[in-house]
Amino acid sequence: MYNLSKAQNRMVNNNVSGVEIKPDLEKLRAYTQTKLALADQLRLLREALIASDRKYGEQQCGELILKLAEDRFTLAVLGQFKRGKSSLMNAIIGNEVLPTGVLPLTSAITVLKYGPVERLIVNRIGSIFPDELPVSALPDYVTEKGNPANQKKVKTACVELPIAFLRRGIEFVDTPGIGSAIKANTETTYRFLPECDAVLLVTSIDTPMTSLELEFLKEIQQYVNKIFFVINKIDLVTEEEKSEVLEFIVETIRTKTGNNSVRIFPVSARLGLTARMSDNKDLYASSGLKALEEALITFLSKEKASDFLAAVAQKALRILDDEAIQLAETRAKLDALYSGIIDGRKVDVAYHKLPQSDTKKSTQMKPRLIEQDIMTDFQTRGCPVCQHIVKQASDFFANWQYQISTEEKARNEFETELGFCPLHTWQLVSISSSYGASIGYAQIAEQIAHHLRESNDTPDRGNTLKQLVHNYKNCRVCKLLRQSEERYILQLAMIVGETYGRSQYRHSQGACLRHLGMLMDAVPSAESRDFLISFAAQRFEEDVEDMRSYAMKRDALRRELHNSDEEDAYRRAIIRIVGDWNVCMPWPKGKEI
């Protein structure tokens, strides 16, 4: 059994070099954007049909939106016991999530799908409500050691992961191996075949294409048109032996399927996973994993996806014709989408895409020790700089409201400064008690009344009034936060200036536009500036996809399909554009003044 050390495992998350080894996902992005563009036009068409009281056409539109919303592509990994199916999946996702070992897995289906946070959802036979567990608990449910003979009655174990490969609606499924001593494993796998949209059939180079596997292949062909033949463990034989065995496998498959254009993918899942974890591009290519992943993405984005999207676009155009409704712009966009899908080209009818710069790989540097507070800021759902400012303001106000309630010196300073600017006045009031606010502002109100009385006897009353109006220039809190912001930007610039720091910054939502501009001025190199712009563009594009996907699922009346990324995408986008609510607004959301 091959297992990576804990130190190697951590390298996946830390990504020391700061440059991810991964296949080109742009084709899958194009598929998602075309799907969402179709949903936008269907939404407009349905609204027009509702306004015209065309109920049948409206229902047809709703069904097409539902079809898009439930787009779920099941890519299953099948094969005989001990072929390295789980190891291959770990290599493809670049993380050792699935347990591997000598003993067979239980008769449970394990599904990897996208989720904004890592978690495990276990569905049990006969149970209505699933169990939500940490991903580390997976071996307790899907291994023979943790769940012998499936005593826990696991139907499916679904692992949600924030991995780009899974983001585009793919369900990556690990099935029990056939041919083991556990008969239920084979039965579970055979029952799952009708659910598959495409299959990775895994054999190994040491005992290739047994009679059992050939019979299994015949059964798979009844349900699935697209089969990727993966020959695992190529690192166990010499180059000469490998060529001989691969020729045998190709000829055997040709004879069995009658297909003369069989393509096989020789890989070493073990070396592929090592390559992903150590950022070794040469090993990534020589392991065969790169070629397999690129072939998968080409299929997912073109061969399967184009048929699905073209059918939806064609049906939408037919609704326009059948209902004889005049929507020239919608028809033009649907025509353009349909033609683009058929021709295999991307048509951007929804929004202009920001140009992206490829982040160049710099020389690997010794990782900087990043302060825990900054790492915590990276986990926020908004701008990390805004998060830092909000925390600094919160700490200041918590201390200050206590001081003005209990210390005469603080009240005198507060009176002399005439309080804070409007923004920070209301933020202070929002966390103060009525008692504390009354004590603190009584002296200020009294001081203002005194100035107004005195000014009433002078001709320069207007100038006195201007001096009493507070703004950010003479606000104690504004000054404190400006200084804190500047220091934090410099810290962040030093972090982003190193490859390891950039790898950690990737786990954040990125800075809002204002703080991005400050960061751009502070970072030390063009490479860092390229990275910041490219990452910001990527995050904005993901927000757009999530917002439009959220709207599509609402239109399809499938709210249960939402994930938290889609539900708060609008908020993340607004924070990126203007900054965090608490940095911009004078009182907390939902509190009336």
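FYI, it's all coordinate maths here, none of it is from the lab. No experiment lies behind these values; they were computed from the predicted model shown. Cβ: placed from backbone, ideal geometry, glycine included. Neighbour counts: every protein chain shown.
Descriptive notes on the structure:
- Karplus-derived 3J(HN,Hα), 6.51/-1.76/1.60, for each residue of segment 564-569, Hz, glycine and proline x: 5, 4, 6, 5, 10, 4
- Globularity index of segment 97-220 is 1.08 (Cα radius of gyration / 2.2 N^0.38 Å, N = number of residues).
- Treating r as the C-beta distance of ARG529 and LYS183 and R0 as 45 Å, the FRET efficiency rounds to 0.15.
- Gyration tensor (alpha-carbon) shape descriptor, segment 247-345, a/c threshold 1.5: oblate
- Pairwise centroid distance, computed over Cα atoms, of segment 247-277 with segment 401-423, Å: 74
- Where labels lie 7 Å past Cα in the beta-carbon direction, separation of THR376 and ARG476 in nm: 2.5
- Chain lengthening between LEU418 and SER136 when straightened (0.36 nm per residue, less Cα-Cα): 96.0 nm
- Peptide packing for 330-342, 483-495, 269-281 was compared via the average number of neighbouring C-beta atoms within 10 Å per residue; ordered from the highest value, the list is 269-281, 330-342, 483-495.
- Put simply, when 192-201, 512-521, 432-441 are sorted by average Cβ atoms within 10 angstrom per residue, most first, you get 192-201, 512-521, 432-441.
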